[in-house]
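J.: Below is one structure. I have some questions about it.
Any read-out appearing in this document is the output of simple, stated calculations on the displayed coordinates, not a laboratory observation. All values derive from a computational prediction rather than experimental measurement. For neighbour counting, all protein chains shown are included, and Cβ atoms are generated from backbone atoms with ideal geometry for every residue, glycine included.
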Amino acid sequence: MRRQFMSVLLLVLTGLAAQLHAQLPARTVSGIITQAETNTPVEGATISAGRNQTVSRKDGSFQIEVAGNTHTLTITHSSFTLQEVKLSSASSYNVTLQSASKQLDDVIVTGYSTQNKRFIAGSIASISADDIKNIPAAGFNQLLQGKAAGVQVTANSGVPGGGVTFRVRGNNSINASADPLYIIDGVIVSNTDLIRTSLGNQQQSNPLADINPADIQSIQILKDANATAIYGSQGANGVVIVTTKRGRQNSAGKVSLHVSQGWSDAPKKFKLVTGPENGLLVNESRINTAIDQGIDPSTITLPYNPDTLQTYDRISGLFRTARTQNYELGLQGGSERSTYYASFSYLKQEGIVRPSNFERFATRLNYDNQINRILKAGTSVNISRTYRNVSVNDNSPTGVINSAIFPRSFLPIYNANGTYARYGSFDNHIALIENLDNNAVGWRTIGNVFAEIALLKELKFRTSYSLDYNSMYENNYANTLISAGIASNGSATSNETKNTVFTADQVLTYIKNIGRRHSVNALIGNSINTVLFQNTNATGTGFPSNSIKAISAAANRSGSSSRSLAKLVSFFAKGSYTFDNKYTFDGSIRADASSRFGVNKRWGYFPSGGFTWRLSQEDFIQRLDFFDDLKIRGSIGLSGTQNGIDAYAAPGLWSTGYNYLDQPGTAPAQLANPDLTWETTRQVDIGTEFTILNKRLTVTLDYYNKYTYDLLLNVPVPYRSGFTTYLQNFGAVRNKGWELSLHTNNISTADFSWTTDFNISWNTNRIEKLASDITLGASGRNTSILREGHPVNSFYLYKQLYVDPQTGNAVYEDLNKDGIITAADRQIVGNANPNYYGGLNNTLNYKNFELNFFFFFTQGNKILNMQNFFLVHGGTQANIGFLPIQLERWQRPGDITDIPRLTTYSGNPAENGGAANNYGGNVANLSSRYLEDASFIRLRNVSLSYQFPSQVINRLRLSSLRAYVQVTNLFTISKYSGLDPEVSSQSGNQNTAGYDWATVPQPRTIQVGLNVSF
Amino acid sequence: MKTNYFLLSLSVVAVFSSCKKFLTENPNNQIPSEVAIVDAGSARAAIIGAYDGVQSYYAGSYPTLGTITADQVVFNGTLSQYLQLDQNAIPADNVTTVAAYQGIYRTINSANSVIAYVPGLTDPSLPAAEKDKILGEAYFIRALGYFDLARGWGGVQLQLTPTANISGIKGVRRSTLEQTYDQVLNDLIEAERLLPEDASTRNRAQKSTARALRARLHLYRRQWRDAELYATQVIDNPKYQLVTPYKTFFTTPFQTRESVLELAYSNNDRNTFWNLWYPSSSGGQYTLKPSASFIAKVNNPAIGGTRSTLIAGTGNNVYGVLYNTVGVSTDPSYLIRIAELYLIRAEARAQQEFLNEARNDLNAVRSRAGVGNTTAVTKEQVLLAIEEENGIEFAFEAHRWFDLVRTRRAGEVLGLTNENYWLFPLPLSDVLSDPDLNGQNNPGY
C-alpha cells in the first residue's frame, strides 16, 4: 500500500514542476472575475499589473494594460483572499476568488479567542464547510474522517446516526474518556450517549448527529498542548471547535436551498453454507468425534441426510436498498448593525439492515447585534429533534443480524403453520424486522447568549452563558411475536433521560500592537461548568393485546431513577507576544477544580508554552527565493482529563436498591479515595509549515510526544475485599507520532484547476505503566488486553501455528514450552490501532464542472472476526450454522489448510495438537485464526457537480444553481474476509476496538442533489 | 471604567470563596460509607442487602456451576463460558466462576459490615431480639458464603472484617479447606445461637436453617454422626415436610413446607434464571439443556417417577422447567430443601452402617416421587443409590457436581480423571492483583 501512496505523490509533484514561463510583449489583457463558491461575478475587485490598476465592472469583467516585464496579475478585494494570476500568451483570464475565510493566514478560532494562524505556535487543523459538504452522514464528526492529520475517525457501524469513534493523536486514557472536547460556537457540547436501550456493546448513537453539518462554517481541531491547555482539564484528548455560519454585515439577504436523495445498499453481504453442506459438516463432526472417543464410527447414527436438506435464504430478507432524503433551507444576511443566519433542515435515513432508521429535524438561529459603539450582543441557538428506530446486534442472540446468520441454513424460516420458526437461542429475523418497536426520540437544544463590551479599544470583556440540553425519550415495546415479548406476554420499557450542561464564561481580552514591531494578545477569564444527568425508567410486562403498548396497561410495572451532578470551576490566562512579525511566544495557564475529585486534590494546574519563528520573514530565507512562507513552531504543556469517570467517584459509598422481600437494602459499592485527582497529559509538539513553488505546495509536518500519567484507572483489587476495582490515579500511556499534510495546486488555469489534499498520520501507542494486566472484551471472552509495554486495544489469543497435515488438529504456540496448552500460552497477537492512516482528496474543476474524489486509508490495524468465531465452530455449537470457510477444513492426511478437523471431542483439553483444542478445549476457539488484517483503502466519496452558468441563473433570477451526483463508499480494497473492515462493534468500551460482530457495514450510497440560492 | 474593574474583581473574589461549597456534591441514591449502618433502619437495610447478595449468586451463576459441569445438563447456547464449564476446560477468567466468586465475597463483605457495626448500635428502636436476629442472619450468610467458596474453590482467604481500604486487607493468605470449614462451623454455631425460630419463615435464616447447613457441612467433612444429628433436628421439626406431588415446591405460590431456605423473588426483584433453560420459542436462550441420559432416567417411572415434571418439550426440544416463571421471573432460589436432609441423613447413616435407617430415609424421598423402594442391599449399593437419587432429585440445583467431587467420584462418573479440575480456578484477576496469592492459582490452572 505504501508504494501506491508514493506514486500518487510523485504524480502530484511532477505536475507542479511542469509550469514554466517566458517573456512576452506589452499588450492588453481582459477577463472576468467570479466568486468560487457561487460562481457569480465580483464587482469592485482591484486588478494590478505592475503599476497599472483597474477595478472590475458589475459583470465582473475587466481590461488592463500589461507591460512586457510583468508576469502576474494581482487581484484584491476586501471580502476575498488575494489572488495572483500568472500571465501567459493568452489575452483573456477568468479569475475565481476564494472567500476570505479559506487561507493559510486566516484568523482562526482558538480557545476563548481568535488568532492569526501565521503566528500560532499550536498544532491546529482547520476544515472548512466545503470539505465536508453533501456527504450523507448524520454527524459532522464522522465527516472529518481522513480530512485532518492526527485525527482518527471510525464509524462504528453503518447504522444511520450510529456511534463514531473519534481520537486525536491516539488513546490517552484507559478508564477515563478518550473523546475530545467539542465546542460549538463557544458552547461545551456533551458527547454523552443518552440511549439506554441495550444495543449490545456498541456505542449506541452519535450525539453529535443532532447538529446539521450544513450549518457549519468551519472546524478547528486543536491537537497539541499549547492549543488545548487553555481548556485545561478537558483538553487532553484534543478539542474540536465548531463555528457555525453567521450573517455578514451589510449583505443582502440570501436564501439557499439544498435537496438531495440517496439510495444505499450493502457493498458485501453475509454468505452461509447451503443446507446440504451444513448437514454434511455436522455429520462429519459427529463421525470425527466418535473416532476421537474411540467409538466405531459405523455404529453411530448420523443426524442428517444432506441430500434431503433444503436451503433457506435469510440474508436477502435482512438487507434492503435504503433511502436517504435531505432538505435544507438557509437564510443569511445582515444590516449595518445586525446579522442573521437561520436554517431549517430535515434528514431521513434508512438503515441498510432493516429495520433501523434515523430522522432529524434541525433548526438554527444565529443573530448578532452591535447595540452601540461599545456593546455587542448575540445568540446562537440550535434546536433539533431526532428519531431513531434502534435494534440490538453484536452479542445478542435475539439481534436481527444474529437471528439471520446463526440458525442453520436447512432450517425453515416459518413453521408449517405459518408462524415464525425459532431455533436454539435465536429469534426469527423476519419476526424482528416486522415487529421490533424500539423508538428513541431526542430533543436537543444548544444555545448561547453573549455580550461583548469594548472597555477600551484594545480591551474587551465578553460574558457568555451556554446551555446544552439533551433529552432522550425511549419507548420500546416487545410484542408477543418476538422472543423478548413471548415469555412476558408483551414487555415495554420507557426511558426518559436528560443531560444538561450549563457553562458560564467571563473573559477579558487585551489585543494591542505597540509600535510596528510588538504585538500583544492576552486574556484572562473564568468559567463555571455543571453537568446534570437524570434518568427515569419504567417497565411493564403482561399486556392485554399487542395493540396496547402503554406501560400503564401492563399487569406488572416497575420503575427506577438516577441522577448525578458534576461541577467544574476554572480560572485561566493566556498571553501571546509577537515581535517583528517573526517571533511569537505563547503561554497559558489554567486552574481547574472539579467536584468529581477527592477533597484533598480537587485543583489541577495546566500550564503550557509555545514558540513560533516565521523564518520566511528573515532575509536569509527570503534570499533563497524558495519559500513563499515558512515557519517552525514548538510547544510543551499539560492538559487534563476528568470526563468518563463517575460524578461521585471519590467518596466511599454504599448503594441502594439491593432489595429483598420487597424491603429496601443497601450494600457497600465503592471504596473511598480522597486523593483522587486529575489525569494529566504532558505533550511536546514540534512542527513546521511551509509553502513553496509559488504557493503551489503547502506542507505541514508535526512530531508529537504525549505522555499521560496518573491515569484515572479502575485498578483491579482482590475480590475478597468485596469490591472488584478501585479508581486510582495509577498508570501511564504514551502516544507519539508524526503527521504530514500536503496541499497542492497542481494545475490552475482559467478553465481547469486541480488541487490535491493529502494527509497521513503515524501514531504509536504504548502503555507505560499499569498495575496488572486487565483483560476484557467479547462478552467475557477477554480477547482484548491492557498490558504494560503494549498498546491499548491489543488482542489476547492463542496463536495458531498451523493445522497438522497428518492429524488435521490445530497446533498452537506453546509459549511457556511446558508441552501443554493452558491459559499461560495466551499472548498478544496484534492490536486494533493502525500503523498509519490518512486521506487523499482531489478536486478538479473544468469550467462549470467539479469532480471530487476522496480516499481514506488505514494500515496495520487488526480486527477480530466474531462471525468466524461463531460460525466456524467445527460442530461445537449445536444450534449454529457455518460460514463457507468451514468447508475448507482438514479432511484427510496431507490436506494443507488453516481450518482444523471438525470435532466436538473434549477429552484432554490441554493437549497441544489434540482434537479437543480444535474448536473447544482450553483454546475454546480463542484462536488467532479469527484475527484478520483490517487495513483498507476506500473511495470514501466521489462527486461530480455542475454549476449552472450565469445566463441560466440570471434568467431564473437565482444567484446560484448547482446540481451534483455523488457516490459514497464506492469500493473498498481490503484483505478482510468480513463485510466491512471499518466497523467496531464493541465500541461501548474504548479499550475493545476492532471487533466485527454482526455489525452493519458502511453503506454504499448514490446520491443526487441540487443547491439553489437566490 | 473603574467601576467595571471593581465589579469584576469583586465577582472573582466571590467565586473563589464559595468554590469549596459549590464543589461539594453528594449522590441522591447512595449513602456515604461512614453513615451506612447507624440506626435501626440502616441496619435492617444492610442485612437485606446481604440477602440480596446471596440472591445475586444463587439466581444464576452458582446453580449453573453445580449443574452444567456434571452429567445432567449440557451446553446448548452460544456463550463460551458455558461451553467451557460443560467441557470442564475452565480458564481462570471464566465469566461464570468469576461472577460467583465475586458475588460470594461481595456478600461476605456485606455480612462482615453487619457483624462489625450492628453490635455497637444504640438506637432504642432496635430491640435486642431484632439485633440478635440481624446478627444471626449475618453469621449465617457469611457461613453460607465460605461454605460455597470452599466446596467450589477449596480453602480460601478468610475475610472477617469489612473492607475499609485496600491496604487494610493485605496479609491474608489462603486457609486450608479444613480451616475454611472450621470458620463456617464457628459462624453456624453463632448463627444458631442468635437466630430465632418460628413456624413459617423459609425465606430468611432461622435456627433450623443454620442446623440444616451444619448437617450439610458435616456431610462434606465426612463427620457422619454430626451430620445425622443435625439432619434429624431439622427433619423432626414439623415445620418441614416432603410435599406431594413433587412439582408442588416449584409451582407458584412457592414457599412450601418442602423448603428450609428458599430465597424469594418478586415483580420488583426478578430472577431470570429460567431464561437460560427455556428455548427461544418461549422467550429463553436455551443455554442449559437436560442431557439425553438424564432425560432417559427421569422419564423412567422406576427412577424419575413424578420428577419427570422437571422437564417439558419433545424430541430435540426438551428443556428443564424447575425455573418456570417465564416472563414473570419470580422463581425462587432453592438453597436447602427437606429432601436433602433426608438424603444427608441416609448417607450419614449408611456410612455408619445403619443400612436399614439409611434405606428408610432414601425411600422417603423415593416414595414422595412415586418411585418404589430401593433395591440396594450392601453399603456400597446404598451409597450408590443415594448418589443416583441426589442426581435426579436435585438435577437442576447446585448439587450434582459438588456431590461427585465431595465423594471423589467425579473421575468415575464424569470421566474427569484429572483431579486438579475438581476445583474451579481462582479468578485470573485475583491471581494477578493479590500479592497474598503469590501468583498461585489452584494446581493445574
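J.: Under 27 Å Cα-Cα from A:K86, which lysines qualify once same-chain neighbours fewer than 8 residues away are excluded?
T.: A:K58, A:K102, A:K117, A:K631, A:K695, A:K847
J.: Calculated FRET efficiency, A:E458 and A:S88, Cβ-Cβ r, R0 41 Å, to nearest 0.05? Intermediate results must be reported in sequence, preceding the final value.
T.: On the way: r = 47 Å, r/R0 = 1.14.
Working from the Cβ atoms, E equals 0.30.
J.: Ok, one more. Going by how many other Cβ atoms sit within 10 Å of their own, how do B:L288, A:L979 line up, fewest first?
T.: Details: B:L288 28, A:L979 24.
Ranked by crowding around the Cβ, least crowded first: A:L979, B:L288.
J.: Non-local amide H neighbours of A:K862 (under 5 Å, H modeled in plane, Pro and chain starts lacking H): which ones?
T.: Residues meeting the amide H criterion: A:N831, A:A832, A:N833, A:A934.
J.: At 7 Å along the Cα-to-beta-carbon direction for both A:E888 and A:V520, put a label point, then send me their distance in nm to one decimal.
T.: 7.0
J.: Show which lysines lie in cross-link reach of A:K817 when reach means a straight Cα distance below 17 angstrom and same-chain residues fewer than eight apart are skipped.
T.: Counting by Cα, and skipping residues close in sequence, A:K817 has these lysines nearby: A:K799.
J.: Quick one: order A:E932, B:E419, A:E911 by neighbouring beta-carbon count within 10 Å, fewest to most. Don't skip to the answer; put the middle values down first.
T.: Working: A:E932 21, B:E419 13, A:E911 16.
The order, fewest Cβ neighbours first, is B:E419, A:E911, A:E932.
J.: What is the mean number of Cβ atoms from other protein chains located within 10 Å of the Cβ atom of each residue in peptide A:505-514, rounded to a whole number?
T.: Average neighbour count from other chains, rounded to a whole number: 1.
J.: Same structure again: Going 7 Å from the Cα of A:L257 in the Cα-to-Cβ direction, what parts of the range A:981-1014 have a backbone nitrogen less than 12 Å from that spot?
T.: Within reach of a label on A:L257: A:1010-1014.
J.: Still on this structure, please answer the following. In nm, what is the difference between 0.36 nm times the number of residues separating A:K348 and A:R323 and their Cα-Cα distance?
T.: On the way: separation 25, 0.36 × 25 = 9.00 nm, distance 0.80 nm.
Gain on stretching A:K348 to A:R323: 8.2 nm.
J.: Grab the DSSP H runs of chain A that are 4 residues or longer, score each as -39,500 (n - 2.57), total them, divide by all residues and round the 222 nm result to the nearest 500 deg cm²/dmol.
T.: Values: 10 runs with 75 residues, N = 1014.
For chain A, the value works out to -2000 deg cm²/dmol.
J.: Separate question: Given a cut-off of under 8 Å on Cα pairs at least six residues apart, what relative contact order in percent is computed for the range A:25-97? Intermediate results must be reported in sequence, preceding the final value.
T.: Values: 169 pairs, mean separation 27.1, N = 73.
Value for the range A:25-97: 37 percent.
J.: Quote the FRET efficiency, to the nearest 0.05, computed for A:Y577 versus A:W738 with a Förster distance R0 of 45 Å and r equal to the Cβ-Cβ distance.
T.: Details: r = 29 Å, r/R0 = 0.65.
Between A:Y577 and A:W738 the formula returns 0.95.
J.: Which of A:F948, A:F406 comes first, and how do the rest follow, when ranked by fewest Cβ neighbours within 10 Å? Working shown, then result.
T.: Working: A:F948 17, A:F406 26.
With the sparsest Cβ surroundings first, the list reads A:F948, A:F406.
J.: Moving on to the next point. Modelling each spin label as a point 7 Å along the Cα-to-Cβ direction, I'd like the B:F22/B:T122 distance in nm, to one decimal.
T.: Going by the 7 Å Cα→Cβ label model, 4.1 nm.
J.: Can you give the alpha-carbon Rg of chain A over 2.2 N^0.38 Å, where N counts its residues? Walk me through the intermediate numbers first.
T.: Working: Rg = 31.0 Å, N = 1014, 2.2 N^0.38 = 30.5 Å.
Here the answer is 1.01, to two decimals.
J.: If you don't mind, there's one more thing I want to ask. Can you tell me the FRET efficiency between B:A312 and B:E412 if r is taken as the Cβ-Cβ distance and R0 is 35 Å, rounded to the nearest 0.05?
T.: Details: r = 31 Å, r/R0 = 0.89.
The value I calculate is 0.65.
J.: Normalising by the residue count of chain A, find the relative contact order in percent from Cα pairs under 8 Å and 6+ residues apart.
T.: Details: 2946 pairs, mean separation 118.5, N = 1014.
Worked out over chain A, it gives 12 percent.
J.: Averaged over its residues, how many other protein chain Cβ atoms are within 10 Å of peptide B:420-428's Cβ atoms?
T.: Values: counts 0, 2, 0, 0, 0, 1, 2, 4, 6.
Mean shielding count: 2.
J.: For the peptides B:434-441, A:630-637, what is the packing order when you average, over each peptide's residues, the other Cβ atoms within 10 Å and list the highest mean first?
T.: A:630-637, B:434-441
J.: Could you tell me which of the pairs A:K574/A:K736; A:K269/A:K348; A:K271/A:K549; A:K271/B:K297 are separated by over 32 angstrom between their Cα atoms in the structure shown?
T.: Over 32 Å apart, Cα to Cα: A:K271/A:K549; A:K271/B:K297.
J.: While we're looking at this one, here's another question. Please turn the phi angles of the range A:984-992 into ³J(HN,Hα) values with the Karplus equation 6.51 cos²θ - 1.76 cosθ + 1.60 (θ = phi - 60°), one per residue in order, whole Hz, x for glycine and proline.
T.: 8, 7, 9, 6, x, 10, 5, 8, 10
J.: Another question, if that's okay. Between A:K271 and B:T176, what is the label-point separation in nm under the 7 Å Cα-to-beta-carbon projection?
T.: Those two pseudo-labels are separated by 6.3 nm.
J.: Using alpha-carbon pairs under 8 Å, 6+ residues apart, how would you state the relative contact order of chain B in percent? Write out the running numbers ahead of the final one.
T.: Details: 714 pairs, mean separation 80.0, N = 445.
Dividing the mean separation by the residue count of chain B yields 18 percent.
J.: With θ taken as phi - 60° and the coefficients 6.51, -1.76 and 1.60, list the Karplus ³J(HN,Hα) couplings across the range A:993-1004 in order, rounded to whole Hz; mark glycine and proline as x.
T.: Result, rounded to whole Hz: 7, x, 10, 10, 9, 6, 9, 5, x, 4, x, 9.
J.: Can you give the average number of partner chain beta-carbon atoms within 10 Å of each beta-carbon in peptide B:75-86, as a whole number? Can you show the working numbers first?
T.: Numbers: counts 4, 5, 7, 15, 6, 13, 4, 0, 9, 6, 0, 3.
The shielding value for this peptide is 6.
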